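The values are calculated or read from the model by the stated rules, or taken from the named source; none is laboratory data. Keep in mind it's a predicted model, so treat the numbers as computed, not measured. Neighbour counts run over all protein chains shown; Cβ positions are idealised from the backbone, glycine included. In case anyone asks, the SASA skips ligands and DNA or RNA and just uses the protein heavy atoms, side chains included. Shrake-Rupley method; radii C 1.70, N 1.55, O 1.52, S 1.80 Å.
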Amino acid sequence: MMNTNSYIVSKLTLASVFALALWSVSAKQAVQAVTAGQDMKALASSVSVTPTEARAIAKEAYIYGYPMVDNYRVQYSYFVDKNDPEYMAPWNQIKNLAKVYTPDDKAVQTPNSDTPYSWAGLDLRAEPIVISVPKIEKERYYSIQIFDAYTYIVGYAGSRTTGNDAGNFMVAGPSWKGETPKGIDKVYLSDTDFDLAVFRTQLFNAHDMDKVKHIQAQYQVQPLSAFLGTAPPPAPPAIDFIKPITQEEQKTSLEFFNIMNFVLNYSPAVPSEVALRERFAKIGIEGGKTFDQAALSPEIKTAIEQGRADAWADFAGGVKQLTEGKITSGDVFGSREFLGDNYLNRWLGTVGIYGNAKEEAMYPVYRMDSAGQPLTGANRYTLSFAPNEYPPVNAFWSLTMYELPSSLLVANPINRYLINSPMLPQMKKDADGGLTIYIQNESPGPDKESNWLPAPKGPFATYMRLYWPAEAALDGSWTQPKLLKVK
């Protein structure tokens, strides 16, 4: 069961029940809360705030917590629910996918279809976890990206950061204290008990999959004690994982805050956020506690729902800025040190959850054409590169199609979900040596089909990915070409 950090609260006397009634909560509600075993200090806090304050707190908490709840939804699917069709493996075991993502994969929005993934959910409560990799040929890009429960990037191993030699990397949770063990090349310190390791291994072409499988088979994930050959520590308590809600329900259900409380229980407050977390507790949002909407007065419940609506209004404004290029992917993915307390930007990152920090990958996005009109499969578009003026990268680049609003890959008759730089030798060049990509719902014809990126019939967006971007991309001297509507 859950291991909470609840503070000791005196039981309510009959007098305190009547006192609560004077604070706009009925004695009946308070008695029901006692019977249900609710934490009465949290209840008292939730009803002692004004509706105005509750609305403001709910907005802050929703913005802060959305990435945690959405990440938990994915982790539950991948590492907890063995009946889920997208289940990967138990905690602290690696699952290698010897394939790229297709339209059948729906758990993660805006998936990359360039690199076969390996996934590992990390339970760091008992001891650190060690990730071991083999030596990989220098021409092949790979990365291991480690996320905490907030969706902050804890760190990277791989081609850009640690090189392509064999290595052992240790991920430790907030309770770990100690020196770097022998044989460990690098330690990654996480602020949360449950983390996620995302492996990306470059696939050069369809004939290269066997080599990728050979590399994936050599990835290892194991507890530190197993790596060192020592006796393991006592097993942590078993957890009754709370059932997540759907992405759509995350927008409408107050169960969102109950799931947030569950995740917060394994995410101890960092010093800079202690006051913020105490503020959330005023309306019952606190790690290890039950958020019981039935115990809220109608006024407070309405205020919390209004706060959620206010949060979505801010999110819509952020998406507009993303669409206009005023906020870029480089602003919404990164470490705690990089993102700081910009919780709205962290939430905006869930549009492409588990995206890379800009040093690892950049994501120029096309949601509008050159005239500022939304993209739709009812039109035809082109994207052109001048001769030898492709996106500047140290690894490779790609352009991937996503239908909206789902942000999932698009089924099409040629099973092509992206165009990437390894495909260039098979693509047809323009007369001047440049390259034109045809982006439309129907085939542009046999002579142009090698350059066709199929689109859905309705709204869509395309994401460019620059893996290990070169300095010209990072410093802004290179800009993405415009996407033109064909008249």
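The figures follow:
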quantity: Kirkwood Rh, Cα atoms: Rg over Rh of the range 160-221; calculated: 1.05
quantity: Mean Cβ neighbour count within 10 Å, used as a protection proxy, ranking 402-410, 175-183, 241-249 highest first; calculated: 402-410, 241-249, 175-183
quantity: Separation between Cα centres of the range 350-412 and the range 56-132, rounded to whole Å; calculated: 23 Å
quantity: Solvent exposure of the chain as accessible area per residue, Å², 1.4 Å probe; calculated: 44 Å²
quantity: Volume of the Cα convex hull of the range 376-487, divided per residue and given in Å³; calculated: 115 Å³
quantity: Inter-part distance where the range 193-271 and the range 421-465 are each reduced to a Cα centre, Å; calculated: 36 Å
quantity: Reciprocal of mean inverse Cα separation for the range 281-432 (Kirkwood radius, Å); calculated: 19.3 Å
quantity: Accessible surface of the range 332-448 [probe 1.4 Å, protein heavy atoms]: carbon and sulfur percent; calculated: 49 percent
quantity: Span-rule helices in the chain, defined as complete DSSP H runs reaching 30 Å or more along the axis (Cα) with Kyte mean at least -0.5; calculated: 298-323
quantity: Alpha-carbon spread of the chain, three principal axes, descending order, Å; calculated: 87, 60, 41
quantity: Cα Rg over Rh - the range 210-265, Kirkwood; calculated: 1.22
quantity: Near-label residues of the range 106-125 by backbone N, under 18 Å of a point 7 Å along Cα→Cβ of E86; calculated: 106-122
